[in-house]
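For reference, the structure is listed below as structure tokens.
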Amino acid sequence: MGGTYGAEMARRGIIGLAIDYRNYGQSNGAIRQYEDPDSKAVDLSSALSYLRSRQDVSGAGLLGICTSGTAVIHAAADDHSVAAVATVAGPFWEPILWTGVQRRLAAGEAARKKYEQTGVVDMVPAYHPINPRAVNTVPMPYYLTARRGKVSEWRNEFAVMAYADMLKADAVTKAAKVVALTLMIHTKLTAASGQSTKVHDRLAGQKELH
């Protein structure tokens, strides 16, 4: 996603730096596919620091697509040097969205102990419509059709031990600490579509929901 949007920005004369978060893609990290919005927020702040160090950059902001919509809200809440934020079709997680929390936390703890003892990272599907072990089972056929065919880098995997961190993600609460100029682009067809309004209402700076 980052590469696709970055390329389109470059065509319009804007430098777009697409990063792989730690534990994903070409970045390092032993526990692959580890979903943690807080560590992603740190990585985003580091990327902004790099951009600001370049003489060909006059200003820098964060663009988060899909799950990264939550990550950029976390980043802007924790780092007030972030001047601008844009999100596209973000799910904007908060703890009350999740079902089976105790089951997920227990599975995550067991997976972490297994990793510490054996070095094996237990994975489950990030999405599957009928697999009860998948993180998301709400009908979203895009993830098994269009994305699988067009986004070759995407892996339909989730590190089970990440549940403890992922379930704490709270873009709604974090939004109240975001003072950056924020543009949110959304549609009712996205997952958890009502979350965008909740986040937008709580943003502390100048904002627009499109």
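The values are calculated or read from the model by the stated rules, or taken from the named source; none is laboratory data. Quick caveat, the model's predicted, so the values are computed rather than measured. These area figures cover heavy atoms from the full protein model, side chains too; ligands, DNA and RNA do not enter into them. Shrake-Rupley method; radii C 1.70, N 1.55, O 1.52, S 1.80 Å.
Assuming a viscosity of 1.567 mPa s and a temperature of 4 °C, what translational diffusion coefficient in µm² per second does Stokes-Einstein assign to the range 147-210, Rh being the Kirkwood radius over Cα pairs? It comes out at roughly 92 µm²/s. Per residue, the average separation of C-alpha pairs within less than 8 Å and at least 6 apart gives the chain a relative contact order of 22 percent. Size of the range 1-61 from its Cα atoms: along the principal axes, largest to smallest, the extents are 36, 23, 17 Å.
Roughly what % of DSSP beta bridges within the chain run antiparallel, to the nearest 5?
In the chain, DSSP labels about 15 percent of beta bridges as antiparallel.
Number of Lys-Lys pairs in the chain with C-alpha atoms under 18 Å apart and a separation of 8 or more places or on different chains: 11. For the pair Leu51 and Glu116, the difference between a 0.36 nm per residue extended length and the Cα-Cα distance amounts to 19.8 nm. Across all C-alpha atoms in the range 44-104, the radius of gyration and Dmax reach 14.5, 50 Å.
Rounded to whole Å and sorted largest first, what semi-axes of the equivalent ellipsoid does the C-alpha gyration tensor of the range 80-134 yield via the square root of 5 times each eigenvalue?
29, 18, 13
The calculated P(r) of the range 1-113, using every Cα pair and 10 Å bins from 0, goes 13, 39, 33, 11, 4 in percent.
If you count only protein heavy atoms with a 1.4 Å probe, what accessible area per residue comes out for the range 169-210, rounded to a whole Å²?
Numbers: 2310 Å² over 42 residues.
Per-residue value: 55 Å².
In the chain, the longest principal axis of the Cα atoms and the axis of helix 37-52 are about 30 degrees apart. Within the set (1) 8, 31, 34, 22, 5, 0; (2) 7, 29, 29, 20, 12, 3, 0; (3) 8, 33, 38, 18, 3, 0, the number that P(r) over Cα pairs in 10 Å bins from 0, in percent takes when calculated for this structure is listed as (3). Once the 1.4 Å probe is applied to the protein heavy atoms, the range 55-96 comes out at 37 Å² accessible per residue.
Just so you know, the averaged projected area of the alpha carbon convex hull for the range 50-163 sits at 9.9 nm². Normalised by residue count, the range 100-210 yields a Cα convex hull volume of 146 Å³ per residue. For the chain, find the longest principal axis of its Cα atoms and tell me its angle to the long axis of helix 68-78, 0 to 90°, nearest 10. Once rounded, one gets 70 degrees. For the chain, carbon and sulfur atoms together expose 55% of the accessible surface, with a 1.4 angstrom probe and every protein chain in place.
Axis angle, to the nearest 10 degrees, between helix 101-118 and the longest C-alpha principal axis of the chain: 80 degrees.
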